[in-house]
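Just so it is clear, none of the values below were taken in a lab; they were calculated from the coordinates. Because the structure is predicted, anything quoted here is derived from the model rather than measured. Here Cβ is always computed from backbone atoms with ideal geometry, including for glycine, and neighbour counts include all displayed protein chains.
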Amino acid sequence: MADRFTVDDMIIHRVIEQEQAFMPALDMLPGLAPEVLEANRHWMEPAALDAAGALLLCFQSYVVRTPHHVILVDSCIGNDKPRPNRPSWHLKTDDVYLRALAAAGLAPEDVDFVLCTHLHADHLGWNTRLIDGRWVPTFPRARYVFAESEFAHWTAQHAAAPVAPFADSVLPIVEAGRADLVRGDHALGDHVRLLPTPGHTPGHVAIAFGRGRDAAVMSGDLIHTPLQARYPELSVRFDVDMAQAAQTRLGFLARYCDTGTLCCTAHFPSPSAGRITRWGEGFRCEAVGR
């Protein structure tokens, strides 16, 4: 299982917190017909679909070492976070994530920037950790980069009714003076570019890496499962705007098809990263090794 990729002058590490069956495919993808699921079982099982029809998802961060910075993309689930609707995330106290970070040769103090593709609970949990009853930045030297439109969306949601992940994993970063709110097309030096990819959330961004070209791209939650590559019109029930999400996904897959860009997905089962190619009227993400 590949957990490290070398692309141009960058090294990309996967930092895995959980990988498991998540939800029945027919529940997670409301537009999926049972007969279409059955027709695709032969290639999805066992890596992406279990025998009961549940999608297998990976929950992970990517850490990119560029010549200039160490950048962590999406900080996963986190410990001590109240997530009662997700038992495997609720008030966790394990050391899996920090051990995986250490296995990549990194300590929290080594990270220069934390970039969040969006502000859902499984993409920001390790932004903070609980120390003496207070939420403090896990990565003490890092600037945390949030798309301003995404931040504005969740600010409004939180004002209307408390949003626990925003309260425990975003606002403490702002209060600590570590947050940078940026445009959806923000560039960070000559190796990092944000790409507006709305639909899953209003301010969702993908993140492209590489000097002079998109050598690698982090897709975030514009796509969750390989089945959505073959059928880009299938949106997940968690998408705020399912039609826009489908349009964004199709545009993303077409943009990177046959380009050689390494597509690092947030939730595809291991090895999670590959190169986009055509598959009939849809696409596939061809897994790559180290």
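Using the alpha-carbon centroid of each, what span in Å lies between the stretch 47-103 and the stretch 229-290?
20 Å
Which of Thr197, Trp154, Pro140 sits closest to the plus end of the dipole of the chain, meaning its Cα is farthest towards the positive end, when Lys and Arg get +1 and Asp and Glu get -1 on the C-beta?
Of the listed residues, the answer is Pro140.
Taking 25 °C and 0.890 mPa s as the conditions, I'd like the Stokes-Einstein D for the chain in µm²/s, using the Kirkwood hydrodynamic radius from alpha carbon pairs.
It comes out at roughly 129 µm²/s.
Can you figure out the FRET efficiency of Ala33 with Arg255, using R₀ = 22 Å and their beta-carbon distance, to the nearest 0.05?
That pair, Ala33 with Arg255, gives E of 0.20.
Based on the mean of other beta carbon atoms within 10 Å per residue, what is the order of 9-15, 222-228, most packed first?
Ranking the peptides 9-15, 222-228 by packing returns 222-228, 9-15.
Using each residue's phi in the stretch 65-73, evaluate 6.51 cos²θ - 1.76 cosθ + 1.60 at θ = phi - 60° and report the 3J(HN,Hα) Karplus result to the nearest Hz, with x for Gly and Pro.
Per residue, the Karplus-derived 3J(HN,Hα) values read 9, 8, x, 10, 9, 10, 10, 9, 10 Hz.
Determine, at each q value in 0.19, 0.22 (inverse angstroms), the log₁₀ of I(q)/I(0) that the Debye formula gives when each Cα of the stretch 1-83 is one equal point scatterer.
-0.91, -0.99
How far apart, in nm, are two points set 7 Å out from the Cα along the Cα-to-Cβ line at Ala167 and at Asp95?
Label at Ala167, label at Asp95, 3.0 nm between them.
For the pair Val240 and Arg4, what calculated FRET efficiency results from E = 1/(1 + (r/R0)^6), where r is the Cβ-Cβ distance and R0 = 25 Å, to the nearest 0.05?
0.15
Taking H as built 1.01 Å from N, whose amide H comes closer than 5 Å to the amide H of Leu49, not counting residues under 5 places away?
Result for Leu49 returns Leu56.
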